[in-house]
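Notes for the one structure printed next.
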Amino acid sequence: MPVILLERIPLPSLQTYTSVSVLVLSVALYYAYHTVTTVDINSIHELDFGDGVTVEPVADDEVLNEHHDMVNISLPYDSVGWNMFHILTSEVWCVWILVNSAYCCLILLGKAIQKLVFGELRVSEEQHLRDKFWNFLFYKFIFIFGVMNVQTLEEVVSWVAWFTILGFFTLLTQLSKDRFEYLSFSPIAARGVHVKLLCLLFVILLCSFALLFLSGYVGLQAGPTIFAFLAAECLLLGIRALYVVVRYVIHLWDMTVSSVWENKSMYIYYTELTFELSALAVDFAHHLHMLLWGNIFLSMASLVICMQLRYLFYEFKRRINRHKNYRRVVQNMEARFPMATKEELQIHNDNCAVCWERMDSARKLPCGHFFHNSCLTSWLEQDTSCPTCRTSLSEGQQVDPNSNVPDERGAAPPQPPQQQPQNMFTNHFFHFDGSRYVSWFPSFSVEVTHTQLLPGGRQRPIQTSQLDSMARQVQSVFPHIPTNVILEDLRNTRSVDFTIENILEGRVQVPPPGLTTMAVLTDSEEGSDDSDSPSTPSQPSPRALQLARSGEGEERVGTSEEAGGVSSIMDYNVPFLMETVPQPSDEAHFTTGSRFSKSTTERESMLQSRKEQMLQNARKKYLNRQTNSSKEAASQIDDTRVTSETNAADQVQLRHRNESTFQETQR
Amino acid sequence: MAGSALKRLMAEYKQLTLNPPEGIIAGPLDEENFFEWEAYIMGPEGTCFEGGVFPSRLTFPPDYPLSPPKMKFTCDLFHPNIYPDGRVCISILHAPGDDPMGYETSAERWSPVQSVEKILLSVVSMLAEPNDESAANVDAAKTWRDNREKFMEIAHRTVKQSLGL
Ligand SMILES: [Zn+2]
Ligand SMILES: [Zn+2]
């Protein structure tokens, strides 16, 4: 409350301000009207001030004096309206009232535009707007009184009017820019919003051209200096507005066209460069002109302008340096990293690891990784290593650009760790060896391959022969464990020793044939007593499906590829569940994959419900653990529970399957 | 440009929804702004944070994935690698250029092939195994090193708090 009050005290509310302005204006109008009519009626001599006194006792003296003047000057026009205008503009207090009314109109107009186009302003937008406003006010104040050094009231008024209009558009441009940047963060902005914003920007653009013409017209009378001052401001406004428009259009185009536009980023880069540099150049020239013309080398104003000049100069230099860096990167890249051939792309058959989109053309790095030309450029601008394997790409290590063999590098830093063969097929590889940290922690590797590009039925790109021999080694130690289980574990640990350790410590569950699925699901439901309540329907999960299959021991791998539409596969799914089987894990079903809805609201509500489910399950589990630790004598109850849960699990299992098939048919 | 970042975030969100890692839920706070995510991380089992559900906020830069997102826990978490205000300090979240702790190799730092999922998995492993050498919360690091029991006690309290119990 006090904060709100504090914020409100300095400025009256818009309503009060408007009504006061309207009142004052009507008083002035009445005064003008009254004067005109009385002068008309009484021609030269007798004036009756009776009415004037009752309405405006304050202005009495003035009215008297003015009327004497007026009588002497006489009214220049025939029509009442023009005469009123003449009176209003010829008296100081009337001029101020008019100015005030103009401001009031402008504020109302701004408010209307804001309501129409922007709606509620966000906090950061408001903050920006306020900063920009005070900044603008400060610099223009300096300009009017420091540089132009205006003396007469007329000059002040006309400058203030000019800057008010300019400032109005500048603020609107700033607001549009902020709003555009915000909208570009959102995939769901409605079309109407874009249309409105673009229309506003076009209007601003048109107005800046109109102002430019106006400044030309004024310049014809006031000389080239004034013209330069006025035109520079218009140009800046126009450049800024146009910049936002161009970026906006590119963004919209980019969002609607799904294919990768190869040279897009280059065009965007050069548009940005042009706009930024031209805006800086115009601004710089404008300020320099002020400094030189104003003859104000030893004043506060000159200091401020010098600071501004310095800032602009450094900005300019920074931008140029960035561009030099960009040029160097591009040239270096074009010289050293050849474009991948069609065959290479086909063999590689993967998405770009930077943008996760398909590669129809790509550059090949010496280390054997492929990226989009544009993605690579933007990354190399800030770092000189391969994004995937971190091999240094700095210019010291020159490679023959024609060589496609990665191993020919002489003084190359250590080779990327043993992933070279897999990189033929996969781009993203992440191995998490949990047991290295804590013994119970699951090991898993994340291998992001891309299903839609893999020919159907192909096995995961792990050297099968090597795995098989490892599996045989393990099996010689544990003959009773099925090969597929060992293979699954090996695929994660990639080490005979780790797998043996896992088996020894019971982290690898040996499935009794045909029962695995049930056992796992039973376990997974154990934590929550009311898991079969219909209020928490679990989403159909690819994992459950996979689990069921792997339990039957038929399809060992590749099932997750059927989770089509999934652009990537986590191959830790099965082993992880198997490893956690010994412990009751009820998060098994609520974190499993769900559908990715096309509708925003559905997605949001699904995320929300998954979150709540996670929290609830965690709570239940926590409370269970509390009670379990306090009293261990719950074992006999467990017996009875297991049977009922087996039934429940059966149903759950059935539901999973139904939903999975449903999902598959949907695709 | 935010366009490519948006596409990439969309793809990541899709992947995290269809195939979420165990004990991790993440998604945009509000799809009006796809650059502000929340993530729920389950305390890894067998550690002192077991059973807790810790909410966090991820803020992505407009040039994501070229620059890393920022991550901040929105609950109290007493941990050597989490600043008292909740910011997470792990090497994967540091841009290749900056090195606040002074001894990370660039191999551990951010690169565009990293993803939200990898960040969150790293955070899970960080919860499991605090690294008291590059401490963000000196108090926590000290407690973790010298007074493990007290650390556990605080952690258990945090878990209980995070569940709203
Ligand atoms: Zn790319
Ligand atoms: Zn590489």
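No lab work stands behind these numbers, since they all come straight from the coordinates. The shown structure was predicted, so the numbers you read here are calculated from the model rather than taken from an experiment. Cβ coordinates were reconstructed from backbone atoms using ideal geometry, including for glycine residues, and neighbour counts include every protein chain displayed.
Structure notes:
- The label-point distance for A:Phe145 and A:Arg625, in a model that sets each label 7 Å from Cα toward Cβ, rounds to 6.8 nm.
- Cα gyration tensor shape for region B:1-163, rounded if a/c is under 1.5, else prolate or oblate: oblate
- In this structure, the pairs whose alpha-carbon distance is over 27 Å, taken from A:Lys177/A:Lys317; A:Lys115/B:Lys72; B:Lys70/B:Lys142; A:Lys140/B:Lys70; A:Lys140/A:Lys177; A:Lys111/B:Lys7, are A:Lys115/B:Lys72; A:Lys140/B:Lys70; A:Lys111/B:Lys7.
- Computed about the Cα centre, the dipole magnitude for region B:1-163 is approximately 80 debye when only Lys and Arg (+1) and Asp and Glu (-1) carry charge, each at its Cβ.
- Ellipticity estimate at 222 nm from DSSP helix runs (n ≥ 4, -39,500 (n - 2.57)) divided over chain B, nearest 500: -10500 deg cm²/dmol
- In this simple spin-label approximation, A:Thr152 and A:Asn100 carry label points 7 Å from Cα along the Cα→Cβ vector, and these lie 2.5 nm apart.
- Considering every alpha-carbon pair of region A:204-285, the percent of pairs per 5 Å bin, from zero through the bin containing the longest distance, is 3, 14, 19, 18, 15, 11, 8, 6, 4, 2, 1.
- Between A:Thr37 and A:Ser124, the modelled label-to-label distance comes to 5.8 nm, taking each label 7 Å out from Cα in the direction of the beta carbon.
- Computed FRET value (nearest 0.05) for A:Leu116 with A:Ile165, which takes r as the C-beta separation and R₀ as 22 Å: 0.70
- For A:Phe371, neighbours were defined as the other residues whose beta-carbon sits under 9 Å from its Cβ, and their charges (Lys and Arg +1, Asp and Glu -1) total +2.
- In terms of packing, defined here as the mean over residues of other Cβ atoms within 10 angstrom, the peptides A:355-364, A:113-122 line up highest first as A:355-364, A:113-122.
- Relative contact order [Cα under 8 Å, 6+ residues apart], region B:1-163, whole percent: 22
- Förster radius 51 Å - calculated FRET efficiency between A:Val27 and A:Leu303, Cβ distance, rounded to 0.05: 0.70
- With 0.36 nm allotted per residue and the present C-alpha distance subtracted, the A:Trp82-A:Arg319 stretch has 79.9 nm of extension available.
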